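Undergrad: Take a look at this one; I'll ask things after.
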Amino acid sequence: MPLKISTWNIEHAKALIVDQPTDSVVDRIRRVEETIRHINPDILLIVEGPKGEADILKFCDLILNNQWLPVLLKGGHDHVGDCDRAYGNHMGGTQWLWYLVKPEIADRCRLQEASVWQAFIGADRWRVNYWGKIEPDNYKHYRHPQVLIYQCDNGQEIECIGVHLKSKINLNRITRDNNGNLTGKYIETALKARVKLATQARNIRHYINAKFNQLEAPGIIILGDCNDGPGQDFFETQYLFFDLIQNLQGDVMLAEQYFNHALFDYSAELRWTAKYRDPILGLSAKNNPLLLDHILMSQPLCDGSFPLKVNAKAGKVEHEIFERANAGSNGHTCTSDHRPVSVVLSETIVV
C-alpha cells in the first residue's frame, strides 16, 4: 500500500484544546479537522503542537476523534509521561513536534530518543563563531529534531527527521546608513539568527552522515518548518554566502548522500507555504510567497532500493484542501498561517 507523509505547522495548536473554547475556536477546530481528514496522511508531522504527552493526546481526541494517534516516546498511551526536558525528546519551549499516525500503522512506528541522535554525532551541542566573532559560543537545538522510524513490510526502516528550526524573532528597529545599508542591532540580530539556522541544518547533516556510515543505503526523509523568515535570501546573498536548504540537502559531489526535494517538479507558482510581509525587501505579504515547509528524501527512497518509492510528481503543497477548509474564515478562525506539504511513497514495481 502507498504511504502518504505530510507536515503541517498548525499555528499555536495549543489554543485549540482550551477547556472553554470560544465560538471562534470551535470554528477553527472544525476547519483543522477537515483539513487533516481531507489530506488523509498516514504519517503527519505536527509543527507548533502542544507541549507534553497529555496535551497531544487531548488534541487527537478532541480535534481528530482519535482517527490519528501520537507516537509517544515511552510507556504507550496508558503511561502518559511528563512535559519537561527530562521526557527524552529534548524539546524546548511550548511548541513541540509530534508525529500523528493512523491507528492501523501505529505498530510499525516508533519514536527515537534524542540521546541516540546525540550519541551518533558525539555531543548535544556544538561550537559556533557568530559573524565577526573570534571566540566561539556553544549552541544546541532549541527544538530537537524528532526521529520517527517506520518499518516496511520487508523489515527495512525509513527514518523521518522532523524539524522546526529556531531563529530569534527580531524586535529591533530597522536602521540604515546614508547609502541604504542596514546598520545597528537589527542587522546583528538577523545575522546571528541566520547562523543559528545554518548550524542547526549542519547538525542534521552530521546525523545523516553518521547514518550513511552505518547503512549502505538508508531511507531518510527530512520534513518540517525551516523558519527561513524575513529577508529570505537577502542575508545569505549579501552577508553570509550560504543557503539554508542546501545545507540540508547536502553536497551534490557526494551524490549518494544528496537529498531530493519533494517539490522539485511541482508547479513553480504553487511552490510556497506561507506569505509574510518582508520589511527588509519592502514586500507586502501578498507579494511575498515563501517556501518555509519542506520534505526532502534520500536517494534510496527514489531509486527503488526500498519497497516504497517517491516517484515523479509525488509531492505537493495542499493548497486546494487548505483553501476549501478556510473558505469564509477570518483572522481568528483560519486554521494556520502555513500550508501543509505532502509526499506519497508508492509501492516499488519490480521488473
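Undergrad: Return the calculated 222 nm mean residue ellipticity for the chain, to the nearest 500 deg cm²/dmol, obtained by summing -39500 (n - 2.57) across DSSP H runs with n ≥ 4 and dividing by the residue count.
TA: The helix-only estimate for the chain comes to -7000 deg cm²/dmol at 222 nm.
Undergrad: For the full complex of protein chains and a 1.4 angstrom probe, list Lys313, Lys275, Lys196, Lys286 by accessible area with the highest value first.
TA: Accessible-area ranking of Lys313, Lys275, Lys196, Lys286, largest first: Lys286, Lys313, Lys275, Lys196.
Undergrad: Something else: Residue farthest toward the positive end of the dipole of the stretch 271-351, with Cβ of Lys/Arg at +1 and Asp/Glu at -1: which of Trp272, Asn330, Leu283?
TA: The residue sitting most towards the positive pole is Leu283.
Undergrad: Quote to one decimal, in nm, the extra length available between Asp153 and Ala312 on full extension: 0.36 nm per residue of separation minus the C-alpha distance between them.
TA: Full-extension gain reported as 55.0 nm.
Undergrad: Just going by the charge dipole of the stretch 110-182, with Lys and Arg at +1 and Asp and Glu at -1 on Cβ, which of Asn170, Tyr130, Val116 is farthest out on the positive end?
TA: So the residue we want is Asn170.
Undergrad: Which FRET efficiency, nearest 0.05, do Leu270 and Thr348 yield, Cβ-Cβ r, R0 22 Å?
TA: Efficiency, from the Cβ-Cβ distance: 0.20.
Undergrad: Accessible area per residue, 1.4 Å probe, Å², for the chain: what's the number?
TA: On a per-residue basis, 47 Å².
Undergrad: Between Asp124 and Asn178, what FRET efficiency comes out of the Förster formula 1/(1 + (r/R0)^6) with R0 = 41 Å and r the beta carbon distance, rounded to 0.05?
TA: E(calc), rounded to 0.05, equals 0.35.
Undergrad: What is the spread of the Cα atoms of the stretch 138-202 along each of their three principal axes, largest first, in whole Å?
TA: 65, 22, 18
Undergrad: Taking the DSSP beta bridges in the chain as the whole, what percent of them are antiparallel, to the nearest 5?
TA: 80 percent
Undergrad: Give me the percent relative contact order of the chain, please, defined on Cα pairs under 8 angstrom at least 6 residues apart.
TA: After rounding, I find 20 percent.
Undergrad: How large is log10 of I(q)/I(0) for the stretch 85-176 at q = 0.12, 0.13 Å⁻¹ when the intensity is taken from the Debye formula with one equal scatterer per alpha-carbon?
TA: -0.54, -0.61
Undergrad: Oh, and also: Assuming R0 = 25 Å, what is the FRET efficiency of Asp251 and Arg110, from their Cβ-Cβ distance, to the nearest 0.05?
TA: With R0 = 25 Å, the Cβ-Cβ based efficiency is 0.25.
Undergrad: Report the gain in length on full extension from Phe212 to His319: 0.36 nm times residue separation, minus Cα-Cα distance, nm rounded to one decimal.
TA: Here the answer is 35.0 nm.
Undergrad: Structure shown: which of Lys51/Lys140; Lys140/Lys316; Lys140/Lys309; Lys192/Lys286 lie over 24 Å apart, alpha-carbon to alpha-carbon?
TA: The answer is Lys140/Lys316; Lys140/Lys309; Lys192/Lys286.
Undergrad: Can you send over the carbon and sulfur percentage of the accessible area for the chain, probe radius 1.4 Å, protein chains only?
TA: Whole-percent figure for carbon plus sulfur exposure: 50.
Undergrad: Plugging the Kirkwood radius over Cα pairs into Stokes-Einstein for the chain, at a temperature of 20 °C and a viscosity of 1.002 mPa s, what D comes out in µm²/s?
TA: The Stokes-Einstein estimate is 101 µm²/s.
Undergrad: Along the charge dipole of the stretch 1-52, pointing to its positive end and built from +1/-1 on Cβ of Lys, Arg, Asp and Glu, which listed residue (Ile46, Thr22, His12) has its Cα farthest out?
TA: Of the options given, the answer is Ile46.
The values are calculated or read from the model by the stated rules, or taken from the named source; none is laboratory data. Keep in mind it's a predicted model, so treat the numbers as computed, not measured. A quick note on method: Cβ atoms are made from the backbone with ideal geometry, for glycine too, and the neighbour counts reach across all protein chains shown. Accessible surface areas use protein heavy atoms only, side chains included; no ligands, DNA or RNA. Shrake-Rupley method; radii C 1.70, N 1.55, O 1.52, S 1.80 Å.
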